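Peer 1: Here it is, the structure in full.
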Amino acid sequence: IAKEVAKLLEMKAQLGGDEGKHKFVLKTPKGTRDYSPKQMAIRERVFNAIVACFKRHGAEVIDTPVFELKETLTGKYGEDSKLIYDLKDQGGELLSLRYDLTVPFARYLAMNKITNIKRYHIAKVYRRDNPAMTRGRYREFYQCDFDIAGQFDPMIPDAECLKIVHEILSDLQLGDFLVKVNDRRVLDGMFAVCGVPDSKFRTICSSVDKLDKMPWEEVRSEMVGEKGLSPEAADRIGEYVRLHGGLDLIERLLQDPKLSQNQLAKEGLGDMKLLFEYLTLFGITGKISFDLSLARGLDYYTGVIFEAVLLQQENDHVEEPASVGSVAGGGRYDGLVGMFDPKGRKVPCVGVSIGIERIFSILEQRVEASEEKIRTTETQVLVASAQKKLLEERLKLISELWDAGIKAEVLYKKNPKLLNQLQYCEDTGIPLVAIVGEQELKDGVVKLRVVATREEVNVRRESLVEEIRMRTSQP
């Protein structure tokens, strides 16, 4: 043996030691994560609720490639364009990973000459952002989008998008929320009457967009110091962006001596008034606030914009509840499809995106805190046996159950102990055990055991499927 070992050591020395070997790092790339079965069970619950709502509103589903031609995405996102992931050229085309689902949707409409569709799309998007994983900000994440494309009477589809946000957030029981609504035309009109030059509209817009994260003083100094806006113009903007309310505020602004002189602002406020009338009919105005500080940084919005935030009640004597962050957003983008159409044909669109990652991190924390037991499988029954040499019978029975559409499992052992089989059900939350034994086989029955109560009944083999269905159907 010593001789052989010496020989092997000599060979190893010739092959070179471990020094040059690169140590393999096991981690997910920055800004991404894996999801365990438990986490996926929570995610599926959320996705199912969202899809059910989209379908309730009559939406079809589409899918598009995860990467697009780079030029498709360029110039659509304003200051956020630097966050687009470019891919190395792999075959003559310059490609980028999709940044959202809206631009691919617009490209799809223009390419297929579609002028009318109500669709949803749930898929992963990519942003070369600085991730803040704890707050649900990633470089790879899901978006759940619902959009209505087509020429319709004003504000009816827009109101439906807000109703959808209201339904989903109420359904998921995330706590108190508020949907802030504004209009790009009101913003642009406001900038004009405050003395912002046309060329600075978009960049000042992205400063205003930071008001939910920064105090007005900081935003003002960014506008004046970094973006070269006159202090007077900034102060005038300051007077408007602190306003929020409902129909009464819209009425007041329609009478505002400066704003009412601006055609754009007037149109926007007129549509806002109509929108709030429809939202009153839907009975949801209690959760909606017309907010002049809402800007949403994306370049392609042309009309109504909105954002839903969750409110945190820390204690009862706080005047204004603090916002936890945005969980849904969207708006009207009537010019985007025209950017792709060779003839510049416009397809008006309005849509909403549900921020699934942030919703998920809230629900995940809640499940952790409550120590609620979450089932990660949907198995209805375990096929078990109490005696040895019954593997064939177990396999025969489970095959019958599978063919009948019953979710069933069997332990992968020839002769498992009954106690281990029952313990497996306890651990995984399987509600029923179908036990085959020699006597049962003779009598043509199966012993069905309810794991929770330990009650056992003999069920005729031919009625077993029916019995399992009846006992596991959700009320």
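Every residue, every condition in (1) closer than 27 Å to K163 by Cα; (2) open to solvent by less than 30 Å² (accessible area, probe 1.4 Å); (3) of a type in the set (D, E, K, R), yes or no:
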residue	(1), (2), (3)
M214	no, no, no
R236	no, no, yes
Q255	no, no, no
L274	yes, no, no
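Peer 1: Please find, among V219, V181, the residue that is of a type outside the set (S, T, Y) and touching a residue at least 24 places away in the same chain (Cβ under 8 Å).
Peer 2: Of the residues listed, the single one that is of a type outside the set (S, T, Y) and touching a residue at least 24 places away in the same chain (Cβ under 8 Å) is V181.
Peer 1: Here's another thing I want to ask about it. So, in the stretch 39-80, of the ones that are more than 19 Å from the chain's Cα centre (by Cα) and β-branched (V, I, T), which residue ends up least open to solvent (accessible area, probe 1.4 Å)?
Peer 2: T72
Peer 1: Restricting attention to the stretch 401-412, does a residue exist that is touching a residue at least 40 places away in the same chain (Cβ under 8 Å) and in contact with a Leu (Cβ under 8 Å, 6 or more places away or on another chain)?
Peer 2: yes
Peer 1: Somewhere in the stretch 359-370, is a residue at pLDDT 95 or above and among the aromatic types (F, W, Y)?
Peer 2: no
Peer 1: Please indicate, with yes or no, whether at least one residue in the stretch 135-151 is open to solvent by less than 50 Å² (accessible area, probe 1.4 Å), among the polar types (S, T, N, Q) and within 26 Å of the chain's Cα centre (by Cα).
Peer 2: Yes, the stretch 135-151 has at least one match.
Peer 1: Right, next: How many of the residues in the stretch 105-158 are without any contact (Cβ under 8 Å) to a residue 60 or more places away in the chain and of a type in the set (D, E)?
Peer 2: Counting residues in the stretch 105-158 that are without any contact (Cβ under 8 Å) to a residue 60 or more places away in the chain and of a type in the set (D, E) gives 1.
Peer 1: Quick one: how many residues across the stretch 187-202 are assigned to a helix (DSSP H, G or I) and crowded, with 18+ Cβ neighbours inside 10 Å?
Peer 2: Looking only at that region, the number is 8.
Peer 1: What's the number of the only condition in (1) open to solvent by 70 Å² or more (accessible area, probe 1.4 Å); (2) outside the structural domain of R107 (by the TED database) that K346 fails to meet?
Peer 2: K346 satisfies all of (1) open to solvent by 70 Å² or more (accessible area, probe 1.4 Å); (2) outside the structural domain of R107 (by the TED database) except (2).
Peer 1: Filter the stretch 377-405 down to residues that are surrounded by 14 or more Cβ atoms within 10 Å (Cβ to Cβ) and β-branched (V, I, T) and give me whichever is nearest to K447 (Cα to Cα).
Peer 2: Restricting to residues being surrounded by 14 or more Cβ atoms within 10 Å (Cβ to Cβ) and β-branched (V, I, T), the top hit is V383.
Peer 1: Find all pairs meeting these conditions: Cβ atoms under 8 angstrom apart; at least six residues apart or on different chains; first residue within the stretch 264-288 and touching a residue at least 24 places away in the same chain (Cβ under 8 Å); second residue open to solvent by less than 30 Å² (accessible area, probe 1.4 Å) and aromatic (F, W, Y).
Peer 2: The qualifying pairs are M272/F290; F276/F290; T285/F276; K287/F177; I288/F276.
Peer 1: Identify the residue in the stretch 228-257 that is over 18 Å from F201 (Cα atoms) and in a loop (DSSP other than H, G, I, E, B) and, among all such residues, is farthest from the chain's Cα centre (by Cα).
Peer 2: Among residues in the stretch 228-257 that are over 18 Å from F201 (Cα atoms) and in a loop (DSSP other than H, G, I, E, B), the one farthest from the chain's Cα centre (by Cα) is P257.
Peer 1: So which strands (runs of 3 or more DSSP E) stay within the stretch 406-464 end to end and still have 1 or more residues that are open to solvent by less than 10 Å² (accessible area, probe 1.4 Å) and under 13 Å from Q387 (Cβ atoms)?
Peer 2: Result: 432-436.
The values are calculated or read from the model by the stated rules, or taken from the named source; none is laboratory data. Everything numeric in this text was worked out from a predicted model, so none of it was measured. Here the Cβ is made from the backbone with ideal geometry for all residues, glycine too, and neighbour counts use every protein chain on show. What goes into the accessible areas is simple: the full protein's heavy atoms, side chains included, and nothing from ligands, DNA or RNA. Shrake-Rupley method; radii C 1.70, N 1.55, O 1.52, S 1.80 Å.
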